[in-house]
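One structure below.
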Amino acid sequence: MMGPAHSLSGAAAWLGVGAATAAAGCPMPWPVLVVGALICAGAALAPDLDHKSATISRAFGPVSKTLCEIVDKLSYAVYKATRTRADPRRSGGHRTLTHTWVWAVLCGAGASALAVNGGRWAVLAILFVHLVLAVEGLLWRAARMSSDVLVWLLGATSAWILAGVLDKPGNGSDWLFAAPGQEYLWLGLPIVLGALVHDIGDALTVSGCPILWPIPVGGKRWYPVGPPKAMRFRAGSWVELKVLMPAFMLLGGVGGAAALNFI
């Protein structure tokens, strides 16, 4: 799928988690719901770090472009080193390593460890990166028309304000993990969810997605998981734009309302 659809699906997924926790009698504090949805929207773009033309490659100027080139080469090297004879030959690393559950879990675990051990500045850095990506995905038309500096300033300002809100007692810095020293441990969860939602979205397209790597399926270690081919669509097609994106917006709205006990 394209960047805007990925971000919408990520936000909708976290709002759905909020609705589920509310139904289970453990509602999220509203700042966790909002921040988690924005992080998940941003994280839903991150697996495309292996694609030099993806939305994320433009998000941080030369830094993100260079990082995409490095990740593409790393992903391709891992693919070549771990492919079986049944896996096809490739010329690049797109939709390989960064489109697996292993990558999603490692990114989430790394972010949680950084947030817990790195203090406030680490939390601000995690928020800044994902809020910039959320702006690029959710407000992509406005982001394309404005300068990168304005998008970065919006991300930095939003990160500073939201971190301040979360730091207040009862607002969610210790949500789910209440033991001393575990503040912000939950930040890795929307990152994992966003990456997995991205992978599921790509699995619906023509090429499928090797989300199960390194578990072999049908003799292939990089098996492209997806529905029957007749049910798949091309990225950017009318199915994505006219059906899935409105559905994500509707589901996100319902999930958010349920999470806040409005329905």
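Listing for the model above:
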| item | result |
| --- | --- |
| Candidates ASP167, ASP50, ASP199, ranked by Gaussian network fluctuation over the chain, Cα under 10 Å, top entry | ASP167 |
| Protection proxy ranking of 253-260, 154-161, 212-219 - average other beta-carbon atoms within 10 Å, highest first | 253-260, 154-161, 212-219 |
| Nonlocal amide H pairs with PHE233, under 5 Å, H built at 1.01 Å | THR205, VAL206 |
| Two-decimal Rg to Rh for the chain - Kirkwood Rh, Cα set | 0.97 |
| PHE233-VAL63 pseudo-label distance in nm [points 7 Å out on the Cα-to-Cβ vector] | 3.5 |
| Calculated FRET value between LYS242 and VAL206, using beta carbons and R₀ = 25 Å, to 0.05 | 0.90 |
| Carbon/sulfur fraction of accessible area - the chain, other protein chains in place, 1.4 Å, % | 70 |
| Lysine pair count for the chain [Cα-Cα under 27 Å; pairs on different chains or 8 or more apart] | 13 |
| Diffusion constant of region 80-191 at 37 °C, which comes from Stokes-Einstein with the Kirkwood Cα-pair radius and 0.692 mPa s, µm²/s | 202 |
| Accessible area of the chain divided out per residue, in Å², using a probe of 1.4 angstrom | 49 |
| In order through region 146-151: 3J(HN,Hα) via Karplus (6.51 cos²θ - 1.76 cosθ + 1.60), integer Hz, x for Gly, Pro | 9, 7, 4, 4, 5, 5 |
| Net charge over other residues, Cβ less than 15 angstrom from the Cβ of TRP186 (K, R count +1; D, E count -1) | -3 |
| Net dipole in debye of the chain [+1 Lys, Arg Cβ; -1 Asp, Glu Cβ; about Cα centre; nearest 20] | 1020 |
| Amide H within-cut-off set for VAL217, under 5 Å, with H built and near neighbours excluded | TYR223 |
| Net charge contributed by nearby residues that have their C-beta within less than 12 Å of SER173 (K/R +1, D/E -1) | -1 |
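The values are calculated or read from the model by the stated rules, or taken from the named source; none is laboratory data. All values derive from a computational prediction rather than experimental measurement. Note: ideal-geometry Cβ built from the backbone for every residue, glycine included; neighbour counts use all protein chains shown. All accessible areas refer to the heavy atoms of the entire protein, side chains included, with ligands and DNA or RNA removed. Shrake-Rupley method; radii C 1.70, N 1.55, O 1.52, S 1.80 Å.
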